[in-house]
Amino acid sequence: MVIIAGHIVVDPQQREAYLAGCVTVVEQARSAPGCLDFALTADLVDAGRVNVFERWATQADVEAFRGDGPGDEQGAAILAAAVAEYDVAEVRPLT
């Protein structure tokens, strides 16, 4: 399993528009083969922060979906990013 997590920073006044522009990407990801979870969410404390969380069955699934990354318009809106991939060896459910 692969987890992608972190955050991106956008102009606080543009965050809602940025997220609205990501709806199709989230829908596409969630229906992609191997996608176990995909979320881009507004941070509750920092007005310019968008939290990123993705969970995929395999690295190949990530790469097949990701392609070339964000589109030009989305990429231009990102002021900073701190996102990383994690290979998960074991899962321990908490429920």
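The values are calculated or read from the model by the stated rules, or taken from the named source; none is laboratory data. What you are looking at is a predicted structure, and each value in this text was computed from that prediction instead of being measured. Here the Cβ positions follow ideal geometry from the backbone for every residue, glycine too, while neighbour counts run over all protein chains shown. Calculation scope for accessible area: heavy atoms of the full protein, side chains included, ligands and nucleic acids excluded. Shrake-Rupley method; radii C 1.70, N 1.55, O 1.52, S 1.80 Å.
A few notes on this one:
- Here the Gaussian network model covers the chain, with springs between Cα atoms less than 10 Å apart; of Thr24, Thr58, Thr41, Thr24 fluctuates the most.
- Accessible-area value, Arg30, 1.4 Å probe, nucleic acids and ligands omitted, Å²: 140 Å²
- Interchain or long-range residues, amide H under 5 Å from His7's placed H: Val52, Ala82, Val83
- Remark: the chain carries 66 Å² of accessible area per residue (probe radius 1.4 Å; ligands, DNA and RNA excluded).
- Listed candidates (1) 15.4; (2) 13.1; (3) 14.0 - label of the one calculated as Kirkwood radius over Cα pairs in Å: (3)
- Rel. contact order, % - alpha carbon contacts under 8 angstrom, at least six apart, the chain: 45 percent
- Charges were assigned to the Cβ only: +1 to each Lys and Arg, -1 to each Asp and Glu. The resulting dipole of the chain about its Cα centre is roughly 220 debye.
- R0 of 35 Å, Cβ-Cβ distance Val23-Arg92: FRET efficiency to nearest 0.05: 0.60
- Accessible-area composition of the chain, carbon plus sulfur, in percent [1.4 Å probe]: 54 percent
- Within the chain, helix-based [θ] at 222 nm, where runs of 4 or more DSSP H residues each add -39,500 (n - 2.57), nearest 500: -8000 deg cm²/dmol
- Phi angles of region 52-61 translate, via the Karplus equation with coefficients 6.51, -1.76, 1.60 and θ = phi - 60°, into HN-Hα couplings of 10, 9, 9, 9, 10, 5, 9, 5, 4, 5 Hz per residue; Gly and Pro are given as x.
- Solvent exposure, largest accessible area first (probe 1.4 Å, DNA, RNA and ligands not counted), of Phe65, Phe38: Phe65, Phe38
- Note on the chain: GNM, Cα springs under 10 Å; of Val25, Val62, Val52, the largest mean-square fluctuation is that of Val25.
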